[in-house]
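I have placed the structure first, in the form of structure tokens, so that the comments after it can refer back to it.
The values are calculated or read from the model by the stated rules, or taken from the named source; none is laboratory data. Note that this is a predicted model, so its numbers are computed, not measured. Virtual Cβ from ideal backbone geometry, glycine too; neighbours counted across all protein chains shown. For accessibility, only protein heavy atoms count, side chains too; no ligands or nucleic acids. Shrake-Rupley method; radii C 1.70, N 1.55, O 1.52, S 1.80 Å.
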Amino acid sequence: MRSGNPALKEDTFLDLHSGTVVGRNAQAMSLNGTVNKTGLLLLLAVLTAAFSWHASFDATGQLLPAATLYLYGGLIGGLILALITIFKQQWAPVTAPLYALVEGLFLGTVSAMYEARFDGIVLQAVILTFGTLLALLAAYRSGLIRATENFKLGVVAATGGIALVYLATIVLGFFDINIPYIHESGLIGIGFSLFVVVIAALNLVLDFDFIESGVDAGAPKYMEWYAAFGLMVTLVWLYLEFLRLLSKLQSRD
């Protein structure tokens with residue numbers, strides 16, 4: 001049960017004391033329960049995103065300086081809550097909804113900033129994100145895409161490589177050094193963003209497989225919240241990458 005999502009690692013569904021999978025019982029994790037909780041987390045994120053979106057603009061439609069408070073507050077708060085959820089999975093029924101609320105503040109502000117520069121880009125990114133989710137879910141359920149071991153290894157390796165590139169970008173940015181081409185709107189930059197979008201989308205397949213494995217193993221009920229949180233992490237990444245890709249494409253017009 002390998003996933004490129006750091007929130008859904010190989011030992012996620014193991015009992016913390018014995019190292020064995022928890023047996024199925026009336027309080028076991030279910031697929032419907034996970035789906036319902038994923039929907040609830042997305043709804044919470046949308047509510048706070050709508051709030052920060054409207055709070056980021058003034059009456060004339062210009063971005064307000066206070067928008068940075070929601071941006072960095074949501075980013076840092078979301079990171080802290082994500083780490084707590086990953087290391088304390090039993091707390092997921094509380095920390096996962098809090099993460100969704102805080103992450104929504106970040107997403108709403110980021111979306112507002114992109115929308116201020118590229119009219120209509122947010123709606124496009126939302127449609128592409130959920131369209132990709134539904135398409136890959138249908139392909140996975142129909143057996144067109146199978147999460148084989150080699151498939152998992154390839155996606156995990158590519159995800160790790162992308163993480164290293166982004167980490168290098170952040171570190172070099174402190175020294176005013178930019179990695180050329182890949183973050184620009186040229187053909188190389190667009191190609192890089194397309195590659196990242198594909199890898200982010202393929203992580204959804206790994207997440208589906210991982211969640212299904214947890215349901216089959218009879219993981220404890222609280223893991224529904226944790227699995228929903230992990231799936232949301234991938235969706236947030238995919239949405240942000242679609243925003244980046246679309247912004248590069250529109251910058252060339």
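Some notes on this structure:
- Residues (within 20 Å of residue 225 (Cα to Cα) and either free of Cβ contacts under 8 Å to residues at least 60 places away in the same chain or among the acidic types (Asp, Glu) (or both)) located in the stretch 76-94: 77, 78, 79, 80, 81, 83, 84, 87, 88, 91, 94
- The number of residues in the stretch 167-182 that are under 20 Å from residue 249 (Cα atoms) and open to solvent by less than 50 Å² (accessible area, probe 1.4 Å) comes to 2.
- Scanning the stretch 116-137 for residues that are without any contact (Cβ under 8 Å) to a residue 60 or more places away in the chain and in a helix (DSSP H, G or I), we see that the one that is least open to solvent (accessible area, probe 1.4 Å) is 131.
- Among the residues making up the stretch 149-166, a single one is exposed (fewer than 12 other Cβ atoms within 10 Å of the Cβ) and of a type in the set (D, E, K, R): 149.
- Meets criteria (assigned to a helix (DSSP H, G or I), without any contact (Cβ under 8 Å) to a residue 40 or more places away in the chain and either of a type in the set (S, T, N, Q) or within 25 Å of residue 53 (Cβ to Cβ) (or both)) for residue 240: no
- Checked against the criterion of being touching a Phe, Trp or Tyr at 6+ places or on another chain (Cβ under 8 Å), assigned to a helix (DSSP H, G or I) and either open to solvent by less than 30 Å² (accessible area, probe 1.4 Å) or touching a residue at least 60 places away in the same chain (Cβ under 8 Å) (or both), the candidates 235, 246 yield just one match: 246.
- Hey, residue 194 in a helix (DSSP H, G or I) and under 30 Å from residue 97 (Cβ atoms) or not: no
- Residue within the stretch 140-148 that is open to solvent by 50 Å² or more (accessible area, probe 1.4 Å), over 18 Å from the mean Cα position of the chain (by Cα), hydroxyl-bearing (Ser, Thr, Tyr) and closer than 23 Å to residue 43 by Cβ present: no
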